């Protein structure tokens, strides 16, 4: 049990991460939507991490990552390998029948699998970074109650410690909807001794689900905890553009984007039975416009509804 206030707010010294030096880095697309709609995989609770527990699942994930390694080779870029652990935290794991020990093991195994892939890619990909993926405690599309920093740190620390112990170069927290949870995750990563990136999601108006401007969220988290960098994910470029309308140096802290394929709102996507793959040309065009306003942008990939075709177009 973690006592309230047990986590410090200081930043962690990042390892040598090529993206911090401006190295362009390809990362993957919408893993879960790709596996469900294109490969017919049943992912209860939108959780991909159980695939790590069997040979067939690992083979499918390997083929999935191979597509993005190929894009990185063609682009002359590095590669960010993100673990399939977005749902591998205690609330979600418990609902899927995973004990705390099971979750620690599967998080470690996910990083171990990526380490094997890095060795396999090393001959023709110079920069391969292993990122341990963390997701929100709630649902990214229906966030519900927003945890405070201490509650969030206490919740996320077990997963982050497992990812760090397994050798993740960085922990990346995706689809975050609240400032408090982001601060807590940075503090938990500091306790585990691993660098961390924070990725917020925005609604169609460019604001967090709670109504806070993206600029305010980044500034507040930086003041309280200071992650290695920020990203934005699970939103189409037309929605992210609204968030970037506010000028300021805070935009220099955004190093990565992972877009949704669709221009629909989160609420519309949550209710949809179909996969909206969007307009790939529109996605790439609006990304080009956005990139001009993000001087530190290095990491580019996809989120819900995207696959290797979308990410290839973004890099082209």
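The values are calculated or read from the model by the stated rules, or taken from the named source; none is laboratory data. All of these numbers come straight from a predicted model, not from anything done at the bench. Backbone-built Cβ (ideal geometry, glycine too); neighbour counts: all protein chains shown.
Some points to look at:
- Members of region 2-32 found to be modelled with pLDDT of 95 or more and either within 22 Å of residue 86 (Cβ to Cβ) or exposed (fewer than 15 other Cβ atoms within 10 Å of the Cβ) (or both), listed by number: 17, 19, 21, 22, 25, 26, 27, 28, 29, 30, 31, 32
- Leading residue by the ranking (surrounded by the fewest Cβ atoms within 10 Å (Cβ to Cβ)) among those in region 97-116 that are touching a helix residue (DSSP H, G or I) at 6+ places or on another chain (Cβ under 6 Å) and over 24 Å from residue 23 (Cβ atoms): 109
- The residues listed here are 281, 274, 270; of these, the one that is under 21 Å from residue 31 (Cα atoms) and part of a loop (DSSP other than H, G, I, E, B) is 274.
- Close pairs (6 angstrom Cβ cut-off, 6 or more residues apart or separate chains): at pLDDT 95 or above in region 230-255, part of a helix (DSSP H, G or I) and surrounded by fewer than 17 Cβ atoms within 10 Å (Cβ to Cβ) anywhere: 250/219
- Among the conditions (1) touching a helix residue (DSSP H, G or I) at 6+ places or on another chain (Cβ under 7 Å); (2) more than 30 Å from residue 188 (Cα to Cα); (3) part of a loop (DSSP other than H, G, I, E, B), the only one that residue 123 does not satisfy is (1).
- Of all residues in region 83-96, exactly one satisfies the criterion of being surrounded by fewer than 24 Cβ atoms within 10 Å (Cβ to Cβ) and within 14 Å of residue 131 (Cα to Cα), namely 86.
- Of all residues in region 192-228 being part of a strand (DSSP E or B) and either out of contact with any strand residue (DSSP E or B) (no Cβ under 8 Å at 6 or more places or on another chain) or surrounded by fewer than 24 Cβ atoms within 10 Å (Cβ to Cβ) (or both), the one that is modelled with the highest pLDDT: 213
- Candidates 130, 170, 183 - the one that is out of contact with any strand residue (DSSP E or B) (no Cβ under 8 Å at 6 or more places or on another chain), modelled with pLDDT of 95 or more and buried (at least 21 other Cβ atoms within 10 Å of the Cβ): 183
- Single unsatisfied condition, residue 259 versus (1) in contact with a helix residue (DSSP H, G or I) (Cβ under 6 Å, 6 or more places away or on another chain); (2) over 28 Å from residue 282 (Cα atoms): (2)
- Of all residues in region 287-299, those being over 12 Å from residue 257 (Cα atoms) and either in contact with a strand residue (DSSP E or B) (Cβ under 8 Å, 6 or more places away or on another chain) or in contact (Cβ under 8 Å) with a residue 24 or more places away in the chain (or both) number 3.
- Count of residues meeting criterion [within 21 Å of residue 67 (Cβ to Cβ) and surrounded by 16 or more Cβ atoms within 10 Å (Cβ to Cβ)] in region 281-308: 14
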